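Worksheet for the structure shown next.
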Amino acid sequence: MKPNPFSDEINHGSASSILLLKEELRNEKCPPGTVIIRRTTKEDLINAKQFFSNVIKVTSILSKNDPQDTSAPGSAHHHWATFIAQGEFYGAKGSPTVHGLPGLLPSQVSSAYIIVSNGYHDTFNAAHAGWSVNPSLYGDARSHLNIAWTTDGYHNTGCIDLTCPGFVQVHEHITPGFVFPQLSTYGGQQYGVPLSILKDQQSGNWWLRMGVDKTPIGYWPKSLFNELKNYADNIYWGGVAHAPSQLAGPPMGSGHFAGEGWDKAACFTEMQYMDKNNNFQTPRDVIKLYADSPSCYSVAKASDYDDKDGAAFFFGGPEGCQQ
């Protein structure tokens, strides 16, 4: 199955937007009409369940649609630094720089996401896509392609990657959990991964596309959702960090604050939303920036970025947050 054509996307920006997938995977391509199926173990399911419980805590604020509300449940460190657009949207795209965080402990998580959502509290619907360093989920501290979804505010529905039915993979060798082979270096080469979550207005499915060639990876069927069946009313681009209460918070993004800017702080570039006419628009007057703990993790708009190619912003912070 393939999505119906979308309008052309722009692939420019200060990040290199290079994702070298084919070289790494040239020997793993499946026969035509088949896809790689990652074997899910009992340990995978246990780790995914634990991670999803953390997602519930981190994103409970999102389901209330009020980023100023800091009453997220739990006694752990859960922080996010994000760029938020509110309105009527039929998709979102952006290119986060991908970073290595090899020192993360098994119970720490650091991620960068695009999230499209609609609904509130127990009717909160969302689809996520981005990269995540999550040792407890993946068994290593590498940077993985990570997806998630929910239809009830992360309480009883949805899951991470392919650990439950929901997301339909169509690409023959790129699957959720894929390890990114190219990572950005502080003060050096920056690698961004173009990602988009777009609604096919004929089928109603939400498609994940990745890479400079906008390759379809798979889709969340329309039948999964209720509030998100028609459109998204919120888009979130940004970073999320989690650690249990007995540990300090992990680094977010590159591990450096947003104020350090290009080639040092993590960033999203090429951020645009899709309108009801399947045209991409740069979010300008429908946005706000928010960091729930700015002394730990910060966010800043890239004022010197040419926003005809989409918006851009920096986010992140070092390890050690005690809030």
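Structure above, values below:
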{"quantity": "Close pairs (7 angstrom Cβ cut-off, 6 or more residues apart or separate chains): within 14 Å of Phe268 (Cβ to Cβ) in segment 289-301, charged (D, E, K, R) anywhere", "calculated": "Leu289/Lys301"}
{"quantity": "Candidates Gln202, Gln190 - the one that is at pLDDT below 95, more than 30 Å from Cys321 (Cβ to Cβ) and out of contact with any Leu (no Cβ under 9 Å at 6 or more places or on another chain)", "calculated": "Gln202"}
{"quantity": "Pairs where the first residue, in segment 182-198, is free of Cβ contacts under 8 Å to residues at least 12 places away in the same chain and under 21 Å from Arg209 (Cα atoms) and the second is among the hydroxyl-bearing types (Ser, Thr, Tyr) and surrounded by fewer than 18 Cβ atoms within 10 Å (Cβ to Cβ), C-beta under 7 Å, 6+ apart", "calculated": "none"}
{"quantity": "Some residue of segment 163-178 being crowded, with 17+ Cβ neighbours inside 10 Å and either of a type in the set (Asp, Glu) or under 23 Å from His256 (Cα atoms) (or both)", "calculated": "no"}
{"quantity": "Condition check for Thr157: surrounded by fewer than 24 Cβ atoms within 10 Å (Cβ to Cβ) and either of a type in the set (Lys, Arg) or more than 18 Å from the chain's Cα centre (by Cα) (or both)", "calculated": "yes"}
{"quantity": "Residue check for Thr175: touching a Gly at 6+ places or on another chain (Cβ under 9 Å), outside any strand (DSSP E or B) and without any contact (Cβ under 8 Å) to a residue 40 or more places away in the chain", "calculated": "no"}
{"quantity": "Yes/no for Gly204 being under 23 Å from Ala85 (Cα atoms), surrounded by fewer than 24 Cβ atoms within 10 Å (Cβ to Cβ) and small (Gly, Ala, Ser)", "calculated": "yes"}
{"quantity": "Per-region count, segment 235-289, residues in a strand (DSSP E or B), surrounded by fewer than 20 Cβ atoms within 10 Å (Cβ to Cβ) and touching a Ser or Thr at 6+ places or on another chain (Cβ under 7 Å)", "calculated": "0"}
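The rows are residues; the columns are (1) in contact (Cβ under 8 Å) with a residue 60 or more places away in the chain; (2) among the hydroxyl-bearing types (Ser, Thr, Tyr); (3) in contact with a Cys (Cβ under 8 Å, 6 or more places away or on another chain).
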{"residue": "Val98", "(1), (2), (3)": "yes, no, no"}
{"residue": "Pro102", "(1), (2), (3)": "no, no, no"}
{"residue": "Ser117", "(1), (2), (3)": "yes, yes, no"}
{"residue": "Tyr120", "(1), (2), (3)": "no, yes, no"}
{"residue": "Thr123", "(1), (2), (3)": "yes, yes, no"}
{"residue": "Ala127", "(1), (2), (3)": "yes, no, no"}
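The values are calculated or read from the model by the stated rules, or taken from the named source; none is laboratory data. Note that the coordinates shown come from a computational prediction; the quantities given were computed from them, not determined experimentally. All Cβ positions, glycine included, derive from the backbone under ideal geometry; neighbour counts span all protein chains shown.
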